[in-house]
Structures are given as structure tokens and as C-alpha cells.
Amino acid sequence: IQRAEIFLNTMDMPEIKKLISKSEKLCNDKCQLTGSLISYNEFSVKILHTLLSSLGLSVFLVILILFLIRKPLTFSEVFCLIVSSIWGPLTLLSLFIIFKIPISFVTCICASLLVGLTGDNAIQFIFNTKKSNLNQSIDSFSDASLIVTIGMIFLVSIFLISEIASLGTLGGYIMLGFLLGFIGDVWILKGILKND
């Protein structure tokens with residue numbers, strides 16, 4: 001048994017995945033890569049699968065919750081709430097696809113976080129409709145929603161100054177996701193209701 005050390009000039013997971021693939025082609029079962037980066041890569045592949053498979057379930061559960069607590073809203077109004085609530089996360093995922101941003105640990109964390117926040121504003125709007133109609137509820141909570149969105153964007157901006165590149169990328173994605181979520185929750189919802 002011989003041992004050879006390989007020094008890498010990148011910590012990028014797709015590049016490490018390519019290295020693993022090349023080494024498997026070159027030496028079949030005669031050699032094996034080990035180390036913390038290899039273990040982290042294997043771990044991240046399993047986490048990615050788990051996060052992606054739970055993403056659809058999470059969106060379904062958000063839709064179900066909004067549907068179950070919909071009273072006194074009409075089916076048309078709750079449909080508008082559901083569409084506007086999932087607009088932000090789906091738009092960000094669409095941008096990942098359009099710009100060919102690879103699915104990675106960072107993008108999965110971002111998507112999971114945004115799906116976790118999906119429907120928060122809609123729930124506030126629904127509970128306030130017991131006192132007023134949906135349009136008035138949106139108007140009364142939209143300023144608070146904007147303030148919370150700006151606050152979350154400022155809090156996440158700390159990631160942008162991180163020396164770890166992936167944290168900076170994560171911060172940028174999350175900031176964009178928060179902004180898209182607000183646009184969907186308030187502006188898209190107002191537009192849909194106006195046309196409905």
C-alpha cells in the first residue's frame with residue numbers, strides 16, 4: 001500500500017467532485033481518495049438530496065396550512081395568497097435554473113430558508129381579515145412587512161464581508177430571496193387581487 005498526497009488549490013465542491021470522478025476513472029478500485037474535503041463532499045451530496053426532496057413537501061405543507069386557515073376568505077382570495085406566497089421562492093429557484101447556478105449546499109440552504117419563511121405574511125393577512133377585508137389587511141401590514149424585510153436583509157448582509165466565499169454567496173442569495181419574497185407577498189398579491 002502506497003500513499004500519495006494531493007494538494008488542492010480550490011475548495012469548490014463541484015471541482016472536488018470532478019477530481020473524485022477523474023481519480024475513479026484513472027485507477028478504478030486500486031486507489032481511494034480520503035480526507036476531510038472528500039468526506040464533506042460525500043456528506044453534502046446526501047444533504048442535497050435530503051434538502052431537495054423535502055423542498056416540495058414544505059411547499060405543499062405551506063399551501064395546505066394557508067388553505068386550512070383561510071376563513072373568512074373566498075377560494076379565489078386564498079388562491080391569490082398561495083400564488084403570491086410561493087412566487088418569491090419559485091422565482092429565485094427559476095433564476096438558479098436560468099443562470100445555470102449549480103445546485104449546491106449553499107443554494108439548498110437558501111431555498112430551505114426561503115421556503116420556511118413562505119406564507120408568513122399571508123398568515124398575518126388572513127388573521128387580520130377577521131377585522132377587515134383582505135385588501136385593507138395587506139395595506140395595514142405592508143409597511144411592517146417592508147421593515148422586517150429590510151431588517152432581515154441588513155442582518156444577512158454580514159455574510160457578504162465573510163472571507164469564506166460560500167458564505168458571501170449565501171448572503172447574496174438570501175438577500176435576493178427576501179426581496180423577492182416581499183415583492184410576491186405584497187406587490188404581486190395586490191396586483192393579482194386588483195385583476196381578480
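The values are calculated or read from the model by the stated rules, or taken from the named source; none is laboratory data. For clarity, every value in this text was computed on a predicted model and none was experimentally measured. Neighbour counts run over all protein chains shown; Cβ positions are idealised from the backbone, glycine included.
Data overview
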| quantity | calculated |
| --- | --- |
| Pair list, Cβ < 7 Å and 6+ apart or interchain, from segment 66-79 residues that are within 14 Å of Thr129 (Cα to Cα) to residues that are charged (D, E, K, R) | Pro72/Lys130; Val78/Arg70 |
| Residue check, Leu180 over 22 Å from Met11 (Cα atoms), within 14 Å of the chain's Cα centre (by Cα) and either of a type outside the set (Lys, Arg) or crowded, with 16+ Cβ neighbours inside 10 Å (or both) | yes |
| Filter result for Pro89 (within 21 Å of Leu167 (Cβ to Cβ), exposed (fewer than 14 other Cβ atoms within 10 Å of the Cβ) and not hydrophobic (A, V, I, L, M, F, W, C)) | no |
| Selection from segment 21-37 of residues that are surrounded by 13 or more Cβ atoms within 10 Å (Cβ to Cβ) and under 18 Å from Ile47 (Cα atoms) | Leu37 |
| Subset of segment 130-143 [at pLDDT below 90 and either among the charged types (D, E, K, R) or buried (at least 20 other Cβ atoms within 10 Å of the Cβ) (or both)] | Lys130, Lys131 |
